[in-house]
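Peer 1: Have a look at this one before I ask anything.
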Amino acid sequence: MNTYNNLVEATNDLMKRGYTENLSLEGDTVDDKDKKIQMTADDFEIDEFHRFEGASNPSDMSIVYAVTSRKYNLKGVLVNAFGTYANNSSSAIDAKLHHHQVSHTLHGEDRPSV
């Protein structure tokens, strides 16, 4: 898995590697607003993720996800806060985004422990 120094570097590299859709977390779904697609937890896989803390404020934390949906034939980037500013979502989406259900493409050492 690649290592990045900051969120912008990670997002730019993921886009170069084909994760071109801009995704957002909207309550119980992960959405591609440009294509008017709303994905539930069963509709996508998390291929990789990278966590970042703000240089000037450690509570300014974010995570970038590389997301693939075979159902909708798309690959995209989802950026979300974690910690104090985390987005509230359904238990299924929450479980997936908090890495309890990650793609089988992650290597053993990359898979978070539950």
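Peer 1: What list do you get for Met15, Met39 if you sort them by fewest beta carbons within 10 Å?
Peer 2: Met15, Met39
Peer 1: Moving to a separate point now. If the chain between Thr20 and Ala81 were fully stretched, how many nm would it gain, using 0.36 nm times the residue separation less the Cα-Cα distance?
Peer 2: 20.0 nm
Peer 1: Just subtract the alpha-carbon distance of Arg51 and Tyr72 from 0.36 nm times their residue separation and send over the number in nm, one decimal.
Peer 2: So the extension gain works out to 5.0 nm.
Peer 1: Taking R0 as 25 Å, what FRET efficiency do you get between Leu7 and Lys33 from their Cβ-Cβ distance, rounded to the nearest 0.05?
Peer 2: 0.80
Peer 1: Taking θ = phi - 60°, what integer Hz values does the Karplus form 6.51 cos²θ - 1.76 cosθ + 1.60 yield along the range 19-25, in sequence order, with x for Gly and Pro?
Peer 2: Ordered by residue, 3J(HN,Hα) equals 8, 9, 7, 9, 9, 9, 8 Hz.
FYI, it's all coordinate maths here, none of it is from the lab. Note that this is a predicted model, so its numbers are computed, not measured. Glycine gets a Cβ as well: all are built from the backbone with ideal geometry, and neighbour counts include every protein chain shown.
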